Every structure is written in structure tokens, then in C-alpha cells.
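The values are calculated or read from the model by the stated rules, or taken from the named source; none is laboratory data. Everything quoted here is computed from the prediction, not taken from an experiment. Neighbour counts run over all protein chains shown; Cβ positions are idealised from the backbone, glycine included. All accessible areas refer to the heavy atoms of the entire protein, side chains included, with ligands and DNA or RNA removed. Shrake-Rupley method; radii C 1.70, N 1.55, O 1.52, S 1.80 Å.
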Amino acid sequence: MNLHAPIATARPLYVDLDRTLTTADVSLEGFVRFARRGLGPALLLCLWLLRGRAYAKAMVARACPVDPARLPYRAEVLAEIAAARAAGRRVVLASGSHWRQVARVARHLGLFDAVAGARGRVNLKGRRKLAWIAADAGGPFAYLGDARADAPIWRAAAEALSVDHAPAGVRRIAPRPRPWRALFKAMRPHQWAKNALVFVPLATSGLWSDPALMLRATAAFLFFSLAASGVYLVNDLLDIDADRAHRTKRHRPLASGALPIPPALAAAALLLIGAPLAAWGALGGGFALVLAGYLALTQAYSLRLKAVVTLDVIVLACLYTLRIFAGAVAVVVAVSNWLLIFSIFLFLSLAYLKRYTELAQPSDDPKRLLGGRGYAPADVEVVMMMGVAAAMVSILVLALFISNVSTVYAHGTPQLLSALCLILLYWLTRLWTMARRGEVSGDPIAFAITDRRSLALGVMAALVVIAAQRVQLAF
């Protein structure tokens, strides 16, 4: 498909699209975009793939056209193209993605004289792409690609360039990628701090000094963290489009293209399947069942529930509370209903706070829905009101919970635990005040673990719990 008339007879430059011009994979992302519409589309995609990869690309290209303005482009490749055009060379975008998608990208950039892509049942890749390029060039040509599948084209090219895989004789024009580092970042190890909630039942039962139970709680923490990382990978894959439209989330490994989709999918499958199975062997079927329920609810949230107003924050609060319940199952201790109710209201407040910080961003349209959510900027005051109310209820429930733990602290001074209410009151009111001033952005839990005052309050709370159990005072 010609976009412009050839501008010169110099050696033409053929540029690959997926993972070369852009760090994204247009075809794979199209498959994901179509499959996430529901079970029916996912099954239909499977049927299309049975008829051939090229056929599936063609059908998805019609149903889910790529938005070229959102794709992450490589600056090094754009510079190479600009240099070729300045030298009067013909530049062609040749890709294994469907030609409709390739043409959309070429029209958006306005840098190519022609495009080529998959058509009908012909997948333009490897030797098929080489045959097309050789016929189109009619002589020596230069090729810029990225993968081992491009090896036959590089061998035939007069000038071979790469942005990733670079065997002998191929010039690399971009820094060597580091997918393992990107994978570790995508697993979000900094978010594992949330899973420390599995230690709460051990602390409230007064058994935290038991080495065997501490080992079981630590194993529960590890399994929850690995499973949660698998969930993060799936969520980032499903949210690629929304993340690329976000001012900060566009730098996430999958959205930016630093992490390719295939290894992300493989790692997610390994974590989501392996963690529950390992938990079953180490901690028993009860804990594994709770972990599986957590994963099922998380996926339901990612696929549908996060777009339902109010239900989304309730589900988030339940997911946090499930961690506490799982910790109780792991160490085989009873958990107070007051503790579970306290957890739900506390994390309901924090979930509302996260939505509040997202809604508080400047917007020209008060009716525009938050990306991937059901909220509009006009809802910001209601969200704040509900979040502050949930915070106050959580403090009340904490006071009721403290009045029921005296038996655990029979050799200490359980009345000291009342100081926890004051600490929590100060922390929540400060957090909401800072959010109102625009000083908190994103996840409040992530903010808390990097905020010195929040960490200091956490240490104070721990000291209060220890003193209540170990120090005897007369009242």
C-alpha cells in the first residue's frame, strides 16, 4: 500500500512495527483488547486463532482498531527514519501485524512511503516478509527489526539494524533491553507491604512470639505476595490502554513496552497457579482455598467490578480484610468479628481516598468518567464525605474491638490499647487533610510506607501493643 510516491532510488529502509518502531506489540495487544470484552469474544478469538494467526489478526483489526497516538514509539528508530528521509531514501513500514493497523500507524506518523502487513491468511513474517521486501526493493535494502524471526532478512540485507536481538553483523541502535528488571518492577514488590496484614491475627492473639506460628505467618505473607504479583501483571495487561492515557501509569513496564507481553503472561500464569498450589502443600487446603477466593475476587474486580460505583471500593475493602482472615487460617487462631469489621471500614476509607485523589485531578468536563471507573469529577465531594465517614466508623469499631481483647492481655494492661484509637484518629484525619490539599496522590498505602510521620505512628502503635501485653499497671 503506497502512501506517497517514491522519493529516491537510494537503498530503501524497511522498518518493522512491533517491538521495533514501537515498544508495543500491536497484534497481541489487539487480541487482549478484544478478549477482555467478555467470555463470548474470548471464545470467538480462540476460534479465529484456530483458522490461522493471520485470519485472527484481520478480524481483530476490524473490531479493535489501534489508536496510534497512544503507542510508545522508540526515539532511536524515529531518528533513524528521519536520517534516512533526509538522505532521500525510501522508507517502508513492514510488519507482521495486519496491514490496516500498520497503515493507521503510518498515517499518524507521516514518515513512510509505503506499508506492508498481514493480509488474508498470509502472515508477513520471517521468510515471507523477506520475499516481499526483496520483490519490493528490487535490489540492495536496509532492514531494521528486533527479533530472531528477522534473522533471514538481516542476512539478505545490505544494512542490518536492530533494537533488541543483534547477532553478528547486525548493528544495534538502541540500549540493550532489560526484561528481567522490567518484570520485577511489574511485580510491584513495594506493594507486598499490604500483605503484612496476614500477621495481624498473630499479633492480636498474643502468639506472635511463637516461632512455629511466625514461620507459618511468614509463609502466608510470601504466598500472598507472589499471587498478588501475578494479579498485578494481569491487571497491567488488561489496563494497557488506560495506563497509556495516564500521566504517570504510562511509565509502567507493560504500558511503556519495557516488558513484552509473552513473558508477562508466562510469569502471571506461573505465579497465579504456583502460589496456591505451594500454599496448599505448606499451609493446608483451608489457606489455599482462601487464597484462591482472593484471586477470584481480584479478577472479578479487574474485569468488571472496578467500573461499578461504590461496589468497587467495597470489594477493595473486602480484599484487604481477606488478608487478615487468611492470616488467621494460616496460624489456626480464631479471629474477632470486630477486627474484621474494623478492617472493612478502615480500608473502605482508604479506597475512597484513592478514588478521591484520582477525581481531584483537574478536568474540563465534570461529567467525564474516570478512566476505567464509574466515577465523574462531579462526584469528588460525595466520595470525600463517604471516605471520612468510613474513617470515623473504623475508629469506633476499633474501640469496641479493644474492649473484647482483655483475655489476650491478661498479664498486661489492655487499657493501654485505647491509645491506638488516638493514633488512628490522628493518622486518618491527617491523611484526608493532606489529600484535600493535593499532597497525597495515588495509593494511600504506598504513600504511608514512604511517609516518615506515618511510619513513626506505626512504630508507636506497635509499642502500644507490646506495652499492653507486657506491662502491668494498676487502674
Subject >> Restricting region 228-255 to residues that are among the charged types (D, E, K, R) and buried (at least 20 other Cβ atoms within 10 Å of the Cβ), the residue that is nearest to the chain's Cα centre (by Cα) >> reply: Asp236
Subject >> Candidate set: region 389-422, residues that are at pLDDT 90 or above and surrounded by 18 or more Cβ atoms within 10 Å (Cβ to Cβ); chosen: the one nearest to Pro444 (Cα to Cα) >> reply: Ala391
Subject >> Among the candidates Trp180, Trp208, residue that is modelled with pLDDT under 90, in a helix (DSSP H, G or I) and either open to solvent by 40 Å² or more (accessible area, probe 1.4 Å) or at negative phi (or both) >> reply: Trp180
Subject >> Residue that is surrounded by the most Cβ atoms within 10 Å (Cβ to Cβ) [pool: residues in region 185-205 that are modelled with pLDDT of 85 or more and β-branched (Val, Ile, Thr)] >> reply: Val198
Subject >> Checklist (1) open to solvent by 10 Å² or more (accessible area, probe 1.4 Å); (2) in a loop (DSSP other than H, G, I, E, B); (3) under 18 Å from Arg244 (Cα atoms) applied to Arg89, failing item >> reply: (3)
Original post:
With Gly52, Gly96 as the choices, which residue is closer than 22 Å to Gly145 by Cβ and small (Gly, Ala, Ser)?
Top reply: Gly96
Subject >> Sole residue being open to solvent by 40 Å² or more (accessible area, probe 1.4 Å) and in contact with a Ser or Thr (Cβ under 8 Å, 6 or more places away or on another chain), chosen from Arg171, Arg155, Arg127, Arg119 >> reply: Arg171
Original post:
Do we find that Ala168 is within 22 Å of Ala278 (Cβ to Cβ) and aliphatic (A, V, I, L, M) in this structure?
Top reply: no
**OP:** Starting from residues that are in a helix (DSSP H, G or I) and polar (S, T, N, Q), keep the ones in region 295-324 and report whichever is farthest from Leu233 (Cα to Cα).
**Re:** Thr321
Original post:
Among the residues of region 340-354, is any over 25 Å from the mean Cα position of the chain (by Cα) and open to solvent by less than 40 Å² (accessible area, probe 1.4 Å)?
Top reply: yes
**OP:** Six or more apart or on different chains, Cβ under 7 Å: which pairs go from a residue in region 125-146 that's over 9 Å from Tyr14 (Cα atoms) to one that's open to solvent by 50 Å² or more (accessible area, probe 1.4 Å) and part of a helix (DSSP H, G or I)? Could you list them?
**Re:** Leu130/Ala156; Ala134/Ala156
Original post:
Just for region 146-172: of the residues that are part of a loop (DSSP other than H, G, I, E, B) and out of contact with any Lys or Arg (no Cβ under 9 Å at 6 or more places or on another chain), which one is farthest from Ile133 (Cα to Cα)?
Top reply: Ala168
**OP:** Out of the residues in region 133-150 that are at pLDDT 90 or above and of a type in the set (A, V, I, L, M), state the one that is most open to solvent (accessible area, probe 1.4 Å).
**Re:** Ala135
**OP:** Identify, by number, the condition in (1) under 14 Å from Ser225 (Cα atoms); (2) among the β-branched types (Val, Ile, Thr); (3) open to solvent by 50 Å² or more (accessible area, probe 1.4 Å) that Thr298 doesn't meet.
**Re:** (3)
Original post:
What number of residues within region 177-196 are touching a helix residue (DSSP H, G or I) at 6+ places or on another chain (Cβ under 9 Å), of a type outside the set (S, T, N, Q), farther than 20 Å from Ala269 by Cβ and touching a residue at least 40 places away in the same chain (Cβ under 8 Å)?
Top reply: 3
Original post:
Of the conditions (1) modelled with pLDDT under 90; (2) in a helix (DSSP H, G or I), Thr429 fails just one. Which one is it?
Top reply: (1)
Subject >> Hey, Val66 in a loop (DSSP other than H, G, I, E, B), surrounded by 15 or more Cβ atoms within 10 Å (Cβ to Cβ) and in contact (Cβ under 8 Å) with a residue 40 or more places away in the chain or not >> reply: yes
Original post:
Going through region 133-145 one residue at a time, which ones are farther than 15 Å from Ser95 by Cα and outside any helix (DSSP H, G or I)?
Top reply: Gly138, Gly139, Pro140, Phe141
